[in-house]
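The values are calculated or read from the model by the stated rules, or taken from the named source; none is laboratory data. The structure displayed is predicted, hence computed values, not measured ones. Cβ atoms come from the backbone with ideal geometry, glycine included; neighbour counts cover every protein chain shown.
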Amino acid sequence: MKANLTTYLAQRGVAKAPGIAGKPRRGLARRLVPLGWGLASLACFIAVWEVCWAAGWADPLLLPPPHIFLRNFASQAQYFVPTDVIGETSSTTALRSLVMTIVATTLRVMSGLVLGFVCSVTMGVAIRYFRLLGNLTLPTITLLAPISPIAWLPVAIFLFGIGNAPAVFMVFISLFFVMTVSTISQIDNVSRTHLHVAAVMGATRAQTFRHVILPAILPSLFMVLRMNLFGAWMVVLVAEATGVGSGLGQVVMLARNTFNSSLSFFTMTLIGVTGFAFDVALRLIQRKVLFWVPNNGLGGMK
Amino acid sequence: MSLTEQPVMQPPLATCTGVGKTWQTDGAPFVALRDIDLDIARREFVVFLGPSGCGKSTLLYLMAGLEQVSEGRIVCGGAEVTAPGTDRGLVFQETSLFPWLSVGENVTFGLKMQHMPKEARRRVAQEILERVGLSEAIDKRPDQLSGGMRQRVAVGRALALKPEILLLDEPFAALDVQTRSKMQEFLTQVWQQSNVSMVFVTHDIDEAVSLADRIVVFTARPGRIKTIIPVDLPRPRETRNKAFHDLTDHLTDLMRDEVDRAFAEQERVR
């Protein structure tokens, strides 16, 4: 029945059951409406803030509203230093250094995510494929999984010192255990029918893993990856604030140390926008690469 | 046609001798099947009919080699069944197509596992899909097909490995009545145009009479063969005549006791 419903929805090109979502819309309108609501939501938030400022409830030194902290772009951007020297102001053009700072942080997140995804999926599959390996490693992994990534920060610095490596390591570690455990549980939940089909069709164990189990678990793992994306962003900022000496996390720390609330909110805006763009990008990849997953909006904003 | 020219004494394709299956659930043995003796001839269409939970699907899985017998032995094509093999195709009740593969790739999944090169697989996929009347669908995705079309693809996928026997586990149970009768016609045609034996599990009496050469009626759990009813109605089978109704009435009587017993058991478990 569920399959029939999915088929029906796929044919109609609607993401939700009509009864819940109201009248199904077509084409451009369908895309624009959620965007409109997104903008409206943001506008409300900003409006409340601005009104608080205009009424004198929000101290512009502590809670500067958007029109203040976004106003002086150039003077804000000078704090975004692409070099690893703490406290130095930038000599290159403001926009360029700002972009480079964002790119540096983004690259750390991306390397950590890719590394973490590949390693944890490999690990999870290996644990289920080689029983001995599973027996030896799984208890430890389950024990290490609940440790907050923040607790790994000293370890990251002990192991990798200062630079890119500890930040990447932090993203990696925040993902690795969760995703390994998740990979294993996905493997255990692969449809028995699909496994039976593979067996009846004469697939070997290796073939079953490669051609049935892997494609069956990838969609949900990608979902887990997306859910952990925001965690990765939090962790990389902490790592940058303490262990790297550049990037958005460093700017946040600088804002804290110099009591520069405008800079703090400005950076938070950048982090929010970048993180959001990341999620959108991942969702696009998901739709292109993992086309067989019904687009049910799980964990998404639509 | 095959009935009149049936050669005198051809050895059966598959034989079950004293087959029993006992599950161990929390220490308590659960007897699913007991004392099954059954021969299946080449090109024969056998239907397993029984109330739900009577173990008819279990016997099918034992024949497929996905489960191991607890007692007795199953021989298929001269070899004892201990594991799945490509001489026995299996079609499931639920959607068993891989959603990440196109229809054509689904059909030739087994051949890919046997390392057949890609171009050759594509040709086989075309040929098979033509046989099941879906040649247009080769590049479609399974979720773009209707339930009936998907089950036709599943039958095609099982046929692609050229099995000697096709085992079908309530393949049309999830379909609506109209689609189901179309699918029965379709399956009969596929069977007549091929050399496979069919073993078809169902709890639907009309379906059993529409399809079978012989109907194996199961008792409620533990599943035993209650009786075997030969069906010699001419094909294509007309469902709206006296002979058909007499047979379904007879089977309904046979089944009633078993259904009552199965029901009583379910109530007790609850």
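What to note about this one:
- Set side by side, the residues B:ARG131, B:ARG152, B:ARG224 differ, and just one is basic (Lys, Arg) and over 30 Å from B:MET116 (Cα atoms), which is B:ARG224.
- Considering segment A:163-201, the residues that are small (Gly, Ala, Ser) and closer than 30 Å to A:GLN250 by Cα include one that is nearest to the other protein chains (Cβ to nearest Cβ), namely A:SER174.
- Check on A:ALA151, in the same structural domain as A:ASN135 (by TED's automatic domain parsing), without any contact (Cβ under 8 Å) to a residue 12 or more places away in the chain, farther than 30 Å from B:GLY65 by Cα and assigned to a helix (DSSP H, G or I): yes
- Scan of segment A:268-302 for residues that are out of contact with any Leu (no Cβ under 7 Å at 6 or more places or on another chain), among the hydrophobic types (A, V, I, L, M, F, W, C) and at pLDDT 65 or above, ordered by number: A:MET268, A:VAL273, A:PHE276, A:ALA277, A:VAL280, A:ALA281, A:LEU284, A:ILE285, A:VAL289, A:PHE291, A:TRP292, A:VAL293
- B:LYS112 at pLDDT 90 or above and surrounded by 17 or more Cβ atoms within 10 Å (Cβ to Cβ): yes
- Hits in segment B:167-203 (condition: aromatic (Phe, Trp, Tyr) and part of a strand (DSSP E or B)): B:PHE200
- Positions within segment B:135-182 being among the charged types (D, E, K, R) and at the interface with chain A (Cβ under 9 Å from one of its Cβ atoms), in sequence order: B:ARG141, B:ASP143, B:ARG150, B:ARG157
- The combined condition, being at pLDDT below 85 and surrounded by fewer than 12 Cβ atoms within 10 Å (Cβ to Cβ), is not fulfilled by A:VAL81.
- Those helices (runs of 4 or more DSSP H) of segment A:1-59 in which 1 or more residues are at pLDDT below 75 and within 14 Å of chain B (Cβ to nearest Cβ) occupy A:2-12.
- Exactly one residue out of B:LEU161, B:LEU167 is in contact with a helix residue (DSSP H, G or I) (Cβ under 8 Å, 6 or more places away or on another chain), crowded, with 23+ Cβ neighbours inside 10 Å and under 21 Å from B:MET63 (Cα atoms): that is B:LEU167.
- Among (1) closer than 30 Å to A:ILE217 by Cα; (2) in contact (Cβ under 8 Å) with a residue 12 or more places away in the chain; (3) within 14 Å of chain A (Cβ to nearest Cβ), the one test that B:TRP100 misses: (2)
- In the set B:GLU44, B:GLU80, only one residue is touching a Lys or Arg at 6+ places or on another chain (Cβ under 8 Å) and loosely packed, with under 15 Cβ neighbours inside 10 Å; that residue is B:GLU80.
- Taking the conditions (1) outside any loop (DSSP other than H, G, I, E, B); (2) under 30 Å from A:PRO219 (Cβ atoms); (3) under 15 Å from the mean Cα position of the chain (by Cα) in turn, B:GLU94 satisfies each one other than (1).
- Of the criteria (1) of a type in the set (A, V, I, L, M, F, W, C); (2) without any contact (Cβ under 8 Å) to a residue 40 or more places away in the chain; (3) surrounded by fewer than 20 Cβ atoms within 10 Å (Cβ to Cβ), which one A:LEU138 fails: (2)
- The set of residues from segment B:55-91 being assigned to a loop (DSSP other than H, G, I, E, B) and either more than 10 Å from chain A (Cβ to nearest Cβ) or touching a residue at least 40 places away in the same chain (Cβ under 8 Å) (or both) comprises B:GLY55, B:GLU67, B:GLN68, B:VAL69, B:SER70, B:GLY77, B:GLY78, B:VAL81, B:THR82, B:THR86, B:ASP87.
- Counted residues, segment A:154-191 - those being part of a helix (DSSP H, G or I), in contact (Cβ under 8 Å) with a residue 12 or more places away in the chain and among the hydroxyl-bearing types (Ser, Thr, Tyr): 4
- Residue in segment A:241-264 that is within 22 Å of B:ALA154 (Cβ to Cβ) and in contact (Cβ under 8 Å) with a residue 24 or more places away in the chain present: no
- Any chance B:VAL124 is aliphatic (A, V, I, L, M), away from every other protein chain (no Cβ under 12 Å), surrounded by fewer than 24 Cβ atoms within 10 Å (Cβ to Cβ) and farther than 30 Å from B:VAL217 by Cβ: yes
- The residues in segment B:103-121 that are touching a helix residue (DSSP H, G or I) at 6+ places or on another chain (Cβ under 9 Å) and either assigned to a loop (DSSP other than H, G, I, E, B) or within 12 Å of another protein chain (Cβ to nearest Cβ) (or both) can be counted, and the count is 10.
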